[in-house]
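Here's the structure we're looking at; comments come further down.
The values are calculated or read from the model by the stated rules, or taken from the named source; none is laboratory data. Not measured: the values here are computed from a predicted model. Cβ atoms come from the backbone with ideal geometry, glycine included; neighbour counts cover every protein chain shown.
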Amino acid sequence: MAKGFSIRARCRNFGWPRDRGTSEIGRPVIGAERRFVDRAVGKLLFCAALAAIVAVFFIIVFLLRDGYQIVLETGLWDFLAGAEWNPTGRNPAYGVFPLITGTLQVMALAMVIAVPLSIGSAVFIAEIASPGMKSIIKPAIELLAGIPSVVYGFFGLILLTDWIRVAFDQPSGSSWLAGSILLAIMAIPTITSVAEDAISSVPREFKEGSLALGATHWQTIRRVIVPGALSGISAAIILGMGRAIGETMAVLMVTGNAAVIPDPIYDVFSPVRTLTGTLGIEMGEVAFGSTHYHALFGVAVVLLFITLAINSAARVITTRIQGTQGTARPIPSGRVTAAIRRSTPYRALTAAASRITHAASAPFGRLLPPRTSQRCAFLLISLSVAIVIAALGVILFEIVVNGAGAISWEFLTGSPRDLGRAGGIFPAIVGTFYLVGGALAVALPLGIATAVYLVEYTAETPLTRSIRAAVDLLNGTPSIVFGLFGFAFLVLFMGFGVSLIAGQITLGLMILPTIIRTTEEALRSIPGSLREGSYALGATKWQTISRVVLPPALPGILTGAILSIGRAAGETAPIMFTAAIFSSRFLPSSLTEPVMALPYHLFVLTTTVPGAATQSYGTAFVLLLLVLTIYLAAILVRRRYRRETVM
Amino acid sequence: MTGKSLSGTTTVAVAGILVVLLMMAGCLGNDQTAAPERITVTGSTTVLPIAEQAREAFEAKEASAEIMVSGGGSSVGVKAAGEGTADIGMSSRDLKPEETAGYPDLVKHHIADDAILLIVNPENSVESLTLDEVRGIYNGTYTNWNQVGGSEAQIVVVGRDSASGTREFFSEFVMDAEDFTRTQEEFNSNGGIQQKVSQTPGAFGYVGLGYTEGVKPLALDVGGTSVRPTLQNIKDGTYPISRPLYMLTNGEPEGLAQRYIEFILSAEGQEIVASEDYIPVRG
């Protein structure tokens, strides 16, 4: 693996034939026809790679097109800093300030809960767990990422809010705290897996050296390993923040959605309203072209900019560390390390982290002998893993126990009757497959072509950098923003109406970055020597890519595709305005018809149809089963694949 | 990399790709042979249950008919019917002046009435309120149940999202367009409010007539007499908070759309209206 990297790096230095400028030199003489195919393919791939930029451009244009009018109407300052959101009052007010603070507060508290638990879990997996334990706990935590957000919301609405109301003796459980707990559970898998990668990639010698000097395992972890992985961990936290801030369905179901700033500001039991929640609950019924409608697009623009800021921060940090999760990363050179050290977020985080570790370790370090402090620390770490696993257990248990009873042959193969209170969910299951299949048909060719272009065809140029930036931006775009874009562009502007095709394209755009990234990773892990060998035998670039590079990269690409299927199948926000309908007796017979889909069906059952609790649990169970099966498949494929590459 | 494990991976990969291809094939090759007569109905989530139940009964009679019902809200319904993207729009409010101006050909079909219930948790001892008290709670004047004749407990005010037709009606009828208290928790459906109120002892909310499971509807104190929201009282207007529900067509309906609306207005259709806890307009 490391060897592959270094060879590649050398190729780059010696001007490996990568772009048109240099490709003619030093290449064996080849037939004109083959050369033509080669060029045509190159052009084609280039066009595909531009798709990401075009998509981002369109998203921004279409959000601004409908959103800028609110700024004209209220003024930028009154829109951003206005303290009141009351679009239908006698004097309508469109101040998004409480929504911004709500969003940030929910995210911040979620991080306070998620970060210690995730880092504890990451340390546990990387350093403490036995291999057998690791092989259970790691996939278990990753499974948390596979639970669709509407299922979390369902769980939160039924159990969590009620628990908070009773446990803390509050008049109402719908609160900032409830939203933060749910978001924390949803962010934990992201933070844990990225942080675990960072910790595992700290060179072995560091650890061995520390142990050889007589430090205990805990001292080594605290003073050597965690500080060594700190930049990776901070990137993990920022990625987790990105995940948390863009979440819609779970949040809107549990936060109470009152557009107030908590009073006092730290009152975690106050209801709050987030930017995403506002879009989720108001977009469906707003009158087209009204000021309120424009205000909602303004909200989407604000949301996009906040996520953009967070994701740029993550990008700065991750690109500085070089390498991506899932592949072994080379030790940062002195220059890169220095660059990381210079970045402001890094400095702030280091300062904060050292203060925290200092404070946390003070009682152990000074008062307790090293062995005892190690025991205490490991206890806390194990506890954090236990909490995460318990959360997974409670959610699964609740849904499986209540949902299994609803499952019957009729439920799985029938059409819904009596508003979903009777009959089955077959059209929703099939509709979900159609949506996901269509999304893949859109995203898979585009994504793979983009990745091939980025990895095989170009050196780093401003253009590739902007393509990558566009991909990152797409990756960080909240799913509800995709939904709004799909609605404004596909449903209204293109005149598709609420239809299968609008949903497929919207979902396709949403999963495009995942496919591009995983494919890129898979391609990069193919050793440069394979390519060299192929070229040496006289193969053209395209022959080399299609026959030599792509086949061994297939499992990696497949993992990406499977993960995207899981994500697309569980999303509600992008399809609720573009493709989903509540009920339909038949399956859609053309792309212009709307479909039923499992996540939307669950959302409607839980929030709109009274007396459908059994069917809600049943639908949640089926959706969960479907998505988790897909994730499990991805985990298995990857495990197989990793074992091979290690060999 | 051993040969055995490589072939294993390839098998998995090929299987995966096959699944994907099958999914895509499912998408493309799905043309049905018979072309049934087909209409789309979209709009208000309040009217949706009627449209949906009527669809089931109607399709049982006319096997070739296909009626596709979806929600989205009254504004969606008005726009879809006006622009012709749907054959029938559903609305739980009257047309706004700009909508009448934009789509002059829209025809309203009054298919049912809906009452709005004020609901509290069954544990709450309050039985009836005056409209002024309701307004006082929603605008933030009263924050504790003991101010309106209940026991000491904070009132958790629950309402619909600001784009909802139900809220608009409530706002005009009860609130006199006064602003709601800013601590009001908002849900985007009747079911959400019902769920919340049934779970929360201090909660106060408003929902359509059908959403009474696990909650207690309050009587309204009108001029000293307490009026319960019974069908009779709503029908004759004694219980005042009710509104008409419409189906909208662009011009007079034809073909399937016409037969469907006629079916809803027939005795059988109006029975469905009643069974879904709305107020029939005929018979």
Original post:
What pairs come up if the first residue lies in the range B:191-207 and is within 16 Å of B:VAL134 (Cβ to Cβ), the second is part of a loop (DSSP other than H, G, I, E, B), and their beta carbons are under 6 Å apart, counting only those six or more places apart or on different chains?
Top reply: B:VAL197/B:ASN121; B:VAL197/B:VAL215; B:GLY202/A:PRO171; B:GLY202/B:ALA153; B:GLY202/B:ILE155; B:ALA203/B:ASN121; B:PHE204/B:ILE155
Original post:
If you take the residues in the range B:74-94 that are of a type in the set (D, E, K, R) and away from every other protein chain (no Cβ under 11 Å), which one is farthest from the chain's Cα centre (by Cα)?
Top reply: B:ASP87
Original post:
Among helices (runs of 4 or more DSSP H) lying entirely in the range A:531-647, which contain 1 or more residues that are more than 20 Å from A:GLN504 (Cα to Cα), under 27 Å from the mean Cα position of the chain (by Cα) and more than 9 Å from chain B (Cβ to nearest Cβ)?
Top reply: A:550-570, A:613-646
**OP:** Hey, can you tell me all the residues within the range B:56-73 that are buried (at least 24 other Cβ atoms within 10 Å of the Cβ) and more than 7 Å from chain A (Cβ to nearest Cβ)?
**Re:** B:ILE67
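Give the residue that is farthest from the other protein chains (Cβ to nearest Cβ), with candidates limited to residues of the range B:204-246 that are small (Gly, Ala, Ser) and over 16 Å from the mean Cα position of the chain (by Cα). Steps first, please.
Narrowing the range B:204-246 to residues small (Gly, Ala, Ser): B:205, B:208, B:210, B:214, B:219, B:223-224, B:226, B:237, B:242.
This time we only want the ones that are over 16 Å from the mean Cα position of the chain (by Cα), so: B:214, B:219, B:223-224, B:226, B:237.
Working: B:GLY214: 9, B:ALA219: 21, B:GLY223: 27, B:GLY224: 30, B:SER226: 25, B:GLY237: 26 Å.
Taking the candidates together, the pick is B:GLY224.
Do we have any residue at all in the range A:273-284 that's over 26 Å from the mean Cα position of the chain (by Cα) and surrounded by fewer than 24 Cβ atoms within 10 Å (Cβ to Cβ)?
There is no residue in the range A:273-284 that is over 26 Å from the mean Cα position of the chain (by Cα) and surrounded by fewer than 24 Cβ atoms within 10 Å (Cβ to Cβ).
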Original post:
Looking at the range A:236-249, is at least one residue among the aliphatic types (A, V, I, L, M), touching a residue at least 40 places away in the same chain (Cβ under 8 Å) and within 14 Å of another protein chain (Cβ to nearest Cβ)?
Top reply: yes
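Every residue, every condition in (1) more than 22 Å from A:GLY75 (Cα to Cα); (2) free of Cβ contacts under 8 Å to residues at least 24 places away in the same chain; (3) outside any loop (DSSP other than H, G, I, E, B), yes or no:
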residue	(1), (2), (3)
A:GLY280	yes, no, yes
A:TYR293	no, no, yes
A:VAL299	no, no, yes
A:LEU304	no, no, yes
A:ALA309	yes, yes, yes
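Would you pick out the residues in the range A:95-137 that are among the hydroxyl-bearing types (Ser, Thr, Tyr) and farther than 26 Å from A:GLY256 by Cβ?
A:SER118, A:SER121, A:SER130, A:SER135
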**OP:** Report yes if B:ARG167 is within 17 Å of the chain's Cα centre (by Cα) and either at the interface with chain A (Cβ under 8 Å from one of its Cβ atoms) or free of Cβ contacts under 8 Å to residues at least 12 places away in the same chain (or both), otherwise no.
**Re:** yes
Subject >> The listed residue being at pLDDT below 85 and part of a helix (DSSP H, G or I), out of A:GLY232, A:GLY240 >> reply: A:GLY232
**OP:** Could you grab me the full set of residues in the range B:229-266 that are touching a residue at least 40 places away in the same chain (Cβ under 8 Å) and surrounded by fewer than 15 Cβ atoms within 10 Å (Cβ to Cβ)?
**Re:** B:GLY251, B:GLU252, B:GLY255
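Within the range A:504-517, does at least one residue satisfy the condition of being surrounded by fewer than 20 Cβ atoms within 10 Å (Cβ to Cβ) and either in contact with a strand residue (DSSP E or B) (Cβ under 6 Å, 6 or more places away or on another chain) or within 12 Å of another protein chain (Cβ to nearest Cβ) (or both)? Step through it out loud before you land on a result.
First, the residues of the range A:504-517 that are surrounded by fewer than 20 Cβ atoms within 10 Å (Cβ to Cβ): none.
No; the residues of the range A:504-517 include none that is surrounded by fewer than 20 Cβ atoms within 10 Å (Cβ to Cβ) and either in contact with a strand residue (DSSP E or B) (Cβ under 6 Å, 6 or more places away or on another chain) or within 12 Å of another protein chain (Cβ to nearest Cβ) (or both).
Where residues in the range A:414-433 are assigned to a helix (DSSP H, G or I) and at pLDDT 85 or above, which of them is nearest to the other protein chains (Cβ to nearest Cβ)? Break it down stepwise before answering.
The first filter runs over the range A:414-433 and keeps only residues assigned to a helix (DSSP H, G or I), leaving A:418-420, A:426-433.
Next, from what is left, pick out any that are at pLDDT 85 or above: A:426-433.
Values: A:PHE426: 14, A:PRO427: 11, A:ALA428: 13, A:ILE429: 12, A:VAL430: 8, A:GLY431: 11, A:THR432: 10, A:PHE433: 6 Å.
Filtering the range A:414-433 for residues that are assigned to a helix (DSSP H, G or I) and at pLDDT 85 or above, the one nearest to the other protein chains (Cβ to nearest Cβ) comes out as A:PHE433.
Okay, residues lined up against (1) under 21 Å from B:GLY214 (Cβ atoms); (2) surrounded by 16 or more Cβ atoms within 10 Å (Cβ to Cβ):
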site: B:ASN124; (1), (2): yes, yes
site: B:GLU127; (1), (2): yes, no
site: B:TYR138; (1), (2): no, yes
site: B:SER151; (1), (2): yes, no
site: B:GLY159; (1), (2): yes, yes
site: B:GLU168; (1), (2): no, yes
site: B:MET175; (1), (2): no, yes
**OP:** Go through the residues of the range A:45-64 one by one and say whether even a single one is touching a Pro at 6+ places or on another chain (Cβ under 8 Å), buried (at least 19 other Cβ atoms within 10 Å of the Cβ) and closer than 30 Å to A:PRO189 by Cα.
**Re:** yes
Subject >> Options A:VAL401, A:VAL455, A:VAL436; residue that is part of a helix (DSSP H, G or I) and touching a Lys or Arg at 6+ places or on another chain (Cβ under 7 Å) >> reply: A:VAL455
Subject >> Tally of residues being more than 22 Å from A:GLY153 (Cα to Cα) and either more than 7 Å from every other protein chain (Cβ to nearest Cβ) or at pLDDT below 90 (or both) across the range B:188-203 >> reply: 0
Original post:
So, of the residues in the range A:407-428 that are surrounded by fewer than 20 Cβ atoms within 10 Å (Cβ to Cβ) and hydrophobic (A, V, I, L, M, F, W, C), which turns out to be nearest to A:LEU507 (Cα to Cα)?
Top reply: A:PHE426
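Kindly check whether there is at least one residue in the range A:467-490 that is without any contact (Cβ under 8 Å) to a residue 40 or more places away in the chain and more than 30 Å from B:LYS79 (Cβ to Cβ). First the steps, then the outcome.
Our first condition is that a residue be without any contact (Cβ under 8 Å) to a residue 40 or more places away in the chain; within the range A:467-490, this holds for A:468.
Filter again for more than 30 Å from B:LYS79 (Cβ to Cβ), leaving A:468.
The answer is yes, given that some residue of the range A:467-490 is without any contact (Cβ under 8 Å) to a residue 40 or more places away in the chain and more than 30 Å from B:LYS79 (Cβ to Cβ).
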Subject >> Of all residues making up the range A:74-101, the number that are touching a strand residue (DSSP E or B) at 6+ places or on another chain (Cβ under 9 Å), among the polar types (S, T, N, Q) and surrounded by fewer than 18 Cβ atoms within 10 Å (Cβ to Cβ) >> reply: 1
